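To keep things clear, I will list the structure first and then write my remarks on it.
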Amino acid sequence: MQEMEHIILSKLSSEHSTRRRGKELEDAVLSAAWDLVNEVGYKDFTMSEVAKRADAAKPVLYRRWSEKSELVASAIIKFGPKIDVTIPDTGSLRGDLIKLFGQLTVVFDTFGTDKLRGLLADRLKTIPLDKILSATSDENKFTDMVSKVLKQADKRGELNFSNLSKRVLNLPGLLLINEVISNETLNKDVIVNIVDQILVPVFLGQKKAADND
């Protein structure tokens, strides 16, 4: 009897000593989440399956990631394609805007829209409106990149950057956010339409309006 108790206690002690914690556990969970979202997509992704694959208790997952959209987003940040945005100089405002925004589609291109459908909507539900709108502030990196593209167009004589108001500079960010919220995707065709139908006419129209004054 004592020998049996000793075996059981030894086994429990061994399991306890090898239990993953901290970064090791986090990496295991994120790796499992990454594999699962690639296999089944976001809609059929479950915290229970991730816990099973990572050999972790589900409550442990929820202490770190409050919902599945947060866990999937974390997995994509860790293992997904990196968005290394550069400022293009194609020789025209239209070309620069299309190429700049096109760099933001890499995540959709990697997974495909269907696999990510639902993720963005769920994530945006948990992000305060002021944080969403701050993505279009004049202190934001995205707006700063747009401004650099517009300043290049100014040097080429396509527009007068000093005539552009903050509201106009924030327009690209607002349009892209609206597209992502409404359709949960962002592709080249959409970008071309936004640039051709809205942004180029607005940006270049500022110069024409100033010239007519």
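The values are calculated or read from the model by the stated rules, or taken from the named source; none is laboratory data. Just so it is clear, the structure is predicted and the values come from calculations on it, not from any experiment. When we count neighbours, we look across all protein chains shown, and the Cβ atoms used for this are built from the backbone with ideal geometry, even at glycine.
Among the residues of region 43-61, is any out of contact with any Phe, Trp or Tyr (no Cβ under 9 Å at 6 or more places or on another chain), surrounded by fewer than 18 Cβ atoms within 10 Å (Cβ to Cβ) and within 24 Å of Leu174 (Cα to Cα)?
No, every residue in region 43-61 fails to be out of contact with any Phe, Trp or Tyr (no Cβ under 9 Å at 6 or more places or on another chain), surrounded by fewer than 18 Cβ atoms within 10 Å (Cβ to Cβ) and within 24 Å of Leu174 (Cα to Cα).
Is it true that Ile181 is among the hydrophobic types (A, V, I, L, M, F, W, C), in a helix (DSSP H, G or I), touching a helix residue (DSSP H, G or I) at 6+ places or on another chain (Cβ under 7 Å) and touching a residue at least 40 places away in the same chain (Cβ under 8 Å)?
Yes, satisfied.
Go through region 184-209 and give me each residue that's over 16 Å from Val146 (Cβ atoms), among the polar types (S, T, N, Q) and touching a residue at least 40 places away in the same chain (Cβ under 8 Å).
Thr185, Asn187
If you go through region 122-142 one residue at a time, do you hit one that is at pLDDT below 95, over 21 Å from Ile77 (Cα atoms) and surrounded by 19 or more Cβ atoms within 10 Å (Cβ to Cβ)?
Looking for residues that are at pLDDT below 95, over 21 Å from Ile77 (Cα atoms) and surrounded by 19 or more Cβ atoms within 10 Å (Cβ to Cβ), one finds at least one in region 122-142, hence yes.
For region 58-103, give me the residue count where each residue is assigned to a helix (DSSP H, G or I), without any contact (Cβ under 8 Å) to a residue 40 or more places away in the chain and of a type outside the set (A, V, I, L, M, F, W, C). Let's see the steps before the verdict.
Of region 58-103, the ones assigned to a helix (DSSP H, G or I) are 58-64, 68-79, 93-103.
Imposing the further condition that a residue be without any contact (Cβ under 8 Å) to a residue 40 or more places away in the chain reduces the set to 58-64, 77, 95, 99, 103.
Then keep just the ones that are of a type outside the set (A, V, I, L, M, F, W, C); that gives 58-59, 62-64, 95, 99, 103.
Here the count works out to 8.
Could you count how many residues in region 143-180 are within 17 Å of the chain's Cα centre (by Cα) and exposed (fewer than 14 other Cβ atoms within 10 Å of the Cβ)?
Counting residues in region 143-180 that are within 17 Å of the chain's Cα centre (by Cα) and exposed (fewer than 14 other Cβ atoms within 10 Å of the Cβ) gives 1.
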